[in-house]
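*Asks:* I have a structure I would like to understand better, so I am pasting it below and will then ask my questions one at a time.
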Amino acid sequence: MITLSVNGVDHALDIDPSMPLLYALRNHLNLNGAKYGCGLGQCGACTVHVDGKPVFSCVTPASAVQGKPIRTIEGLGTPDRPSPLQHAFIDHQAAQCGYCIAGMIMRAQALLDTRPTSTEAEIRDYLQPNLCRCGTHMRIIGAIVQAFGAVAKQHTDDTHGAHA
Amino acid sequence: MKRMRKFAVGFAASILAAAVGVIAYAWQPAIAALPAPAAARADDQASLVARGARLAEAGDCMYCHTAQHGEPFAGGLPIGTPFGTIYSTNITPDPQTGIGRWSLAAFTRALREGVSRDGHLLYPAFPYPHFTKMSDEDIAALYAYLQTRTPVDAPAHPDALRFPLNFRPLMAGWNWLFLKKGPLAPPADAQSAAWLRGRYLVEGPAHCASCHTPMNALGAEKSGSPFAGGRIDGWNAPPLNALTRAPKPWTQAQLVAYLHTGIASEHGAAAGPMLPVTQHLANLPESDVDAMATYLMSLQPAAAAQPPAAVAVPPADAAQLRAGAALFTASCAACHADGAPMRDIGGRPPLGLGSALTADSPRNAIQLVLHGNPWNGSASAHYMPPFADVFDDQQIADVLAYARVHYAQRPAWPDVARRAAAIRKENPQP
């Protein structure tokens, strides 16, 4: 049995230790946000977080990440209460076909969690491993920049509130 | 007694003479700045600039003299040395912060003697011990090329060297010990034009030995072991004097392909610090790369009369191999397994022949697993994703044990988990 801790819930799965994490998420846990793009770690559509770091789940062995916290896009927000980043993607209508978007959001979220004051140049650099074949990159970047701004503002407001 | 005293006096005198020589070297005059950057170059300079461009590619000047995301040649790249970090300088023709007001004489002195225009001594991370071998014509061409780049206002970043090396005049002693000024001596035996050109490029502008020769305690290339292999940026620079002793001996054709395209179908893809080198060598005419390979192949010992006997692979830890096989199947097999579609396109070498996997040390294999191999423009044949955040150190040891035994047919390296942990710490943190 392989135990995966996904979005805060432990799942004991009877799967082969050589199964990529992506297959376990999609086929065994019905978490279909992460997508199978290239299967080779080249496109980023399968990006999820392991221990807070973005990884290509298509080339990540499920057995290698047992016990580590795994976060997928399903762990960010809900249709009713999207996360700030998901909200920004909706505002910017950043998806065309949408296949790359879960990966884009998860990669951007990892940066937002660790370096929320990143500049647009740093965001572009960080997002470099993720590809979009429709070419909606400008909207994707626009959405991410907006979310970083919103989170920074929230942070400032909170800090000021604490002083008041 | 008298003789002793005479000896002592003579010894003291020679020490004094050396000290005077070193001090004299430390005091280098400034060479007057040009009143303004040299005027726009006439058309007849075009061929000189083209020749300079070729030399700049051979020497890969741009890599060290460009910061990440920085303007070309504007400097600012941190260069880690065993003595601290130094930063490359701006070699664009900016009059204030670059070399726009350097005369050709000042530029020549910097390349030949390691002295900046204002007289301060440069550190040998700038490979003037090799550039000193360049011809007057080539130095003039390189000067013409650099002076026609786009000027960038980028002041030098202060270095972070440990005492006493932050005291530049000390470099005079280093130069006295290690700098052999002047052109290459003519070869003992008659050699082909290609060999001569290759030797000039390899020993001069391309400065291959800077990375591929072990360093002594003072950071100079160890005399007596040229091309015996070195260490750079956390990667092993393999020996260049044992290419015919590789499991699959290197050939001239493989070496040309590797240097010119970054891929050798029997050895692997350029990675780590060698990747940018091949990216710039790609812009040289093939005749130059062929000449370099001609010279390098002449440094090789005769191929072993018989192919090395197959190494008897001792029985590896079965549990480790099982664990490694599972990890390999999920993470590596889609590209590296025999018969994987990704194996058959782009002239990729079989994993079992990869230099990193057949090397005596696991260092480069660990670096590749941790960091992969970044995108190389649109040439996807090099690319490998990073696994630093996927595998822990023991998992790296397991997957490499499996790849070594199953693909390279060699015994697993000992102690990989501990070395992977150490290399993670050595590497620059994101």
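Read the figures in this text as sums done on the coordinates, not as results from a lab. Since the structure is predicted, the reported quantities are computational estimates derived from the model, not experimental observations. Backbone-built Cβ (ideal geometry, glycine too); neighbour counts: all protein chains shown.
*Asks:* Suppose a student asked you for the relative contact order of the stretch A:1-75, using Cα pairs under 8 Å spaced at least 6 residues apart; what percent would you report?
*Replies:* Details: 145 pairs, mean separation 29.7, N = 75.
Contact order relative to length: 40 percent.
*Asks:* Classify the protein assembly as shown as rounded, prolate or oblate from the Cα gyration tensor: take a ≥ b ≥ c as the square roots of its eigenvalues, call it rounded if a/c is under 1.5, otherwise prolate when a/b beats b/c and oblate if not.
*Replies:* Cα axes put the protein assembly as shown in the prolate bin.
*Asks:* Using helices alone, what [θ] at 222 nm do you get for chain B, with -39,500 (n - 2.57) per DSSP H run of 4 or more residues, divided over all residues and rounded to the nearest 500?
*Replies:* Details: 19 runs with 183 residues, N = 430.
Only helices count here, giving -12500 deg cm²/dmol.
*Asks:* While we're on this one: Tell me the label-point distance for the pair B:Gln191, B:Asp338, using the 7 Å Cα-to-Cβ offset, in nm and rounded to one decimal.
*Replies:* Using points 7 Å along Cα→Cβ, the separation is 4.2 nm.
*Asks:* Another question about this same structure. Between the alpha-carbon centers of the stretch B:361-430 and the stretch B:163-178, tell me the distance in whole angstrom.
*Replies:* 37
*Asks:* Normalised by the residues of the stretch B:318-426, what does the relative contact order come to in percent, with Cα pairs under 8 Å and at least six apart?
*Replies:* For the stretch B:318-426, the relative contact order is 30 percent.
*Asks:* Additional query: Apply the Karplus curve 6.51 cos²θ - 1.76 cosθ + 1.60, θ = phi - 60°, to the phi angles in the stretch A:51-66 and return the couplings in whole Hz, x for Gly and Pro.
*Replies:* After applying 6.51 cos²θ - 1.76 cosθ + 1.60, I find 6, x, 9, x, 10, 7, 5, 6, 10, 9, x, 4, 5, 7, 10, 4 Hz.
*Asks:* Pairs of alpha-carbon atoms within less than 8 angstrom and 6+ residues apart define the contacts here; what relative contact order does chain B have, in percent?
*Replies:* The normalised contact order for chain B reaches 12 percent.
*Asks:* Moving to a separate point now. If each Cα of the stretch B:218-362 is one equal point scatterer, what is log10 of I(q)/I(0) from the Debye formula at q = 0.09, 0.18, 0.21 Å⁻¹?
*Replies:* -0.35, -1.26, -1.49
*Asks:* Using a Gaussian network model of chain B whose springs link C-alpha atoms within less than 10 Å, name the residue from B:Leu218, B:Leu321, B:Leu146 with the highest mean-square fluctuation.
*Replies:* B:Leu218
*Asks:* Listed here are the pairs A:Lys153/B:Lys425; A:Lys68/B:Lys425; B:Lys248/B:Lys425; B:Lys133/B:Lys222; B:Lys181/B:Lys248; which of them are more than 26 Å apart at the Cα?
*Replies:* Going by Cα-Cα distance, A:Lys153/B:Lys425; B:Lys248/B:Lys425; B:Lys181/B:Lys248 fall outside the 26 Å limit.
*Asks:* Which value at 222 nm does chain A reach when only helices count, each DSSP H run of 4 or more adding -39,500 (n - 2.57), with the total divided by all residues and rounded to the nearest 500 deg cm²/dmol?
*Replies:* The helix-only estimate for chain A comes to -11000 deg cm²/dmol at 222 nm.
*Asks:* Mind running the shape call on chain B? Use the C-alpha gyration tensor, a ≥ b ≥ c as the square roots of the eigenvalues: rounded below 1.5 for a/c, prolate if a/b tops b/c, oblate otherwise.
*Replies:* Prolate.
*Asks:* If you find the alpha carbon centre of the stretch B:121-143 and of the stretch B:47-81, how far apart are they in angstrom?
*Replies:* 13
*Asks:* I'd like the antiparallel share, as a percent to the nearest 5, of DSSP beta bridges with both residues in chain A.
*Replies:* 85
*Asks:* Once you sort the root eigenvalues of the Cα gyration tensor of the stretch A:45-164 as a ≥ b ≥ c, which label holds: rounded (a/c under 1.5), prolate (a/b larger than b/c) or oblate (the other case)?
*Replies:* oblate
*Asks:* Report for the stretch A:1-75 the percent antiparallel among DSSP-assigned beta bridges with both residues inside it, nearest 5. All intermediate terms of the calculation are to be shown ahead of the outcome.
*Replies:* On the way: 12 of 14 bridges.
Around 85 percent antiparallel, to the nearest 5.
*Asks:* Go from 0 up to the bin containing the longest alpha carbon distance in the stretch A:108-164, width 5 Å each, and give me the % of pairs per bin.
*Replies:* 4, 18, 27, 20, 13, 8, 5, 3, 2, 0
*Asks:* Taking the Cα centroid of the stretch A:42-64 and of the stretch B:204-270, what is the distance between the two, rounded to the nearest whole Å?
*Replies:* Cα centroid of the stretch A:42-64 versus Cα centroid of the stretch B:204-270: 34 Å apart.
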